[in-house]
Amino acid sequence: PAHKSMTPTVDALVRPAIRALRAYHVPDATGLIKLDAMENPFAMPDKLRQPWLAALGEQALNRYPDPRASLLQTTLRATMGIPADMGLVLGNGSDELIQMLALALTEPGRKLLSFDPGFVMYRMIATFAGLDYVGVPLRAEDFALDLDAALAAIEKHRPILTFLAYPNNPTGNLFEADSIARIIEASPGLVVVDEAYAPFTDHSFLSRLGDWPNLLVLRTVSKMGLAGLRLGYLAGPAEWIGEIDKTRLPYNINVLTQTSAVFALRHAEVFDAQTQMIRTERERLAAALMAMNALQVYPSEANFLLLRMPVGSAGRVFEGLKSQGVLIKNLDGAHPQLRDCLRVTVGSADENQAFLAALTAVL
Ligand code: PMP
């Protein structure tokens, strides 16, 4: 029939780049010890629960939230030490800020550059926004930046936007600060240092904002124990932040998140104590894994460890752990440099013990 040629089909309408994507997969963790997503294992302490609920109870749900989240901005600036002369924009998770950056800068043929293996959302969001993705391989042996390769790729591709995760996910290491400085200097576009794992390292580029006109620092409250709130923040020269802010949807930080985050930041010492415990557990877990002599443990400044298993065993170990009630992340097949690799989030002492026991049994 004549109308048939007019039938809208998925193939005809959806952009080929989106058709070719696989949706970001979040596995079902029901009933499992959840060590797959770099969450803080500790709940909000009981003594904070009542005052938190009371603060929420005072909020109006019939009104839109403060569109600028002014109180939260002030509180974040004071708690996180964001330089007063820098601009600040908040996102529904740092993922949303990566997307806002891409939307503000995209034009056909422009490029987003990052380092592989790295955080998968840089590539996915480049695709959403119509930017070409350039992935520069990290050094195979230790996942360090290959500075010559990075500078050559910047020269060749002239990226409009470059992301460096510091520490890097999924490898856990910190890149050389001097190499990052060289990359910022050589870049014709913006360079975003993504400090999602800042609570677990003493190193940061936050205090270096302003040293270069094209440096921005991206952070999140997710890994400090507030992943459920979905709150990220991006700091940098006010002129840049003002433009990126134009791509922000109105009211992107809901009133429950604004209130809860202000409350939590006023009790930052509670979350600092938790992240400190996780750092201690990270060293204990790494030492126990190394003592097993069966696998390679990569150094980590984050709240997870990258492990390289005996050749060909990653899938079996991952499934074996799952059948024993422990969910981690299987990275075998995610990138050529991650063959035989698994990633485990540092949990509570009990969770880590359960993981170690399960791993011993599986191996
Ligand atoms: N950046 C990096 C390097 C990450 O690993 C993650 C989360 N896995 C994010 C950003 C996103 O964090 P969120 O959206 O929860 O703020």
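I'd like to check something: does the range 107-116 contain any residue that is surrounded by 18 or more Cβ atoms within 10 Å (Cβ to Cβ), closer than 17 Å to PRO336 by Cα and hydroxyl-bearing (Ser, Thr, Tyr)?
Yes, the range 107-116 contains at least one residue that is surrounded by 18 or more Cβ atoms within 10 Å (Cβ to Cβ), closer than 17 Å to PRO336 by Cα and hydroxyl-bearing (Ser, Thr, Tyr).
Residues of the range 119-135 being touching a strand residue (DSSP E or B) at 6+ places or on another chain (Cβ under 6 Å) and either of a type in the set (Asp, Glu) or within 16 Å of the ligand (Cβ to nearest atom) (or both), which ones?
Passing the criteria: PHE119, TYR122, ARG123, ALA126, ASP132, TYR133, GLY135.
Identify the residue in the range 194-216 that is of a type in the set (A, V, I, L, M, F, W, C), more than 8 Å from the ligand (Cβ to nearest atom) and within 24 Å of VAL270 (Cβ to Cβ) and, among all such residues, is surrounded by the fewest Cβ atoms within 10 Å (Cβ to Cβ).
LEU206
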Since ALA78 meets every condition but one in (1) surrounded by 10 or more Cβ atoms within 10 Å (Cβ to Cβ); (2) among the small types (Gly, Ala, Ser); (3) in the same structural domain as LYS223 (by TED's automatic domain parsing); (4) part of a loop (DSSP other than H, G, I, E, B), which condition does it not meet?
-> (4)
Quick one: would you say ARG49 is outside any loop (DSSP other than H, G, I, E, B), touching a Leu at 6+ places or on another chain (Cβ under 7 Å) and of a type in the set (Lys, Arg)?
-> no
Give the residues of the range 234-255 that are loosely packed, with under 15 Cβ neighbours inside 10 Å, among the aliphatic types (A, V, I, L, M) and part of a helix (DSSP H, G or I), sorted by residue number.
-> ALA238
Test for LEU90: is it crowded, with 18+ Cβ neighbours inside 10 Å, in the same structural domain as ARG248 (by TED's automatic domain parsing), aliphatic (A, V, I, L, M) and under 15 Å from LEU216 (Cα atoms) = yes
So which residues in the range 298-317 are under 25 Å from ARG279 (Cβ atoms) and touching a residue at least 40 places away in the same chain (Cβ under 8 Å)?
-> TYR298, PRO299, SER300, GLU301, ALA302, ASN303, PHE304, LEU305, LEU306
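Yes/no per residue for (1) under 30 Å from THR75 (Cα atoms); (2) surrounded by 15 or more Cβ atoms within 10 Å (Cβ to Cβ); (3) out of contact with any Leu (no Cβ under 9 Å at 6 or more places or on another chain); (4) in the same structural domain as ASP142 (by TED's automatic domain parsing):
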{"residue": "MET277", "(1), (2), (3), (4)": "yes, yes, yes, no"}
{"residue": "ARG282", "(1), (2), (3), (4)": "yes, yes, no, no"}
{"residue": "ALA286", "(1), (2), (3), (4)": "no, yes, no, no"}
{"residue": "LEU289", "(1), (2), (3), (4)": "no, yes, no, no"}
{"residue": "MET292", "(1), (2), (3), (4)": "no, no, no, no"}
{"residue": "VAL297", "(1), (2), (3), (4)": "no, yes, no, no"}
{"residue": "SER300", "(1), (2), (3), (4)": "yes, yes, no, no"}
{"residue": "ASN303", "(1), (2), (3), (4)": "yes, yes, yes, no"}
{"residue": "LEU307", "(1), (2), (3), (4)": "no, yes, no, no"}
Apart from one, (1) within 14 Å of the ligand (Cβ to nearest atom); (2) touching a strand residue (DSSP E or B) at 6+ places or on another chain (Cβ under 7 Å) all hold for LEU226; the odd one out is (2)
Within the range 157-178, count every residue that is on the phi > 0 side of the Ramachandran plot and within 12 Å of the ligand (Cβ to nearest atom).
-> 1
Log entry, pairs with first residue in the range 130-154 being closer than 25 Å to LEU21 by Cβ, second being assigned to a loop (DSSP other than H, G, I, E, B) and small (Gly, Ala, Ser), beta carbons closer than 8 Å, six or more apart or on different chains, reads ASP132/GLY109; GLY135/GLY118; LEU138/GLY118; LEU138/ALA144
Which numbered condition trips up PHE143, out of (1) touching a strand residue (DSSP E or B) at 6+ places or on another chain (Cβ under 7 Å); (2) surrounded by 22 or more Cβ atoms within 10 Å (Cβ to Cβ)?
-> (1)
Which one of these is modelled with pLDDT of 95 or more, over 21 Å from THR75 (Cα atoms), in contact with a strand residue (DSSP E or B) (Cβ under 6 Å, 6 or more places away or on another chain) and not assigned by TED's automatic domain parsing to the domain that holds LEU305: LEU216, LEU209, LEU190?
-> LEU190
Output the qualifying pairs, or none if there are none: Cβ atoms under 8 angstrom, residues six or more apart or on different chains, first residue in the range 352-363 and within 18 Å of ARG282 (Cβ to Cβ), second residue part of a helix (DSSP H, G or I) and of a type in the set (Asp, Glu).
-> ASN352/GLU281
For the range 245-255, how many residues are within 16 Å of the ligand (Cβ to nearest atom) and in contact (Cβ under 8 Å) with a residue 40 or more places away in the chain?
-> 4
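The values are calculated or read from the model by the stated rules, or taken from the named source; none is laboratory data. Quick caveat, the model's predicted, so the values are computed rather than measured. Virtual Cβ from ideal backbone geometry, glycine too; neighbours counted across all protein chains shown.
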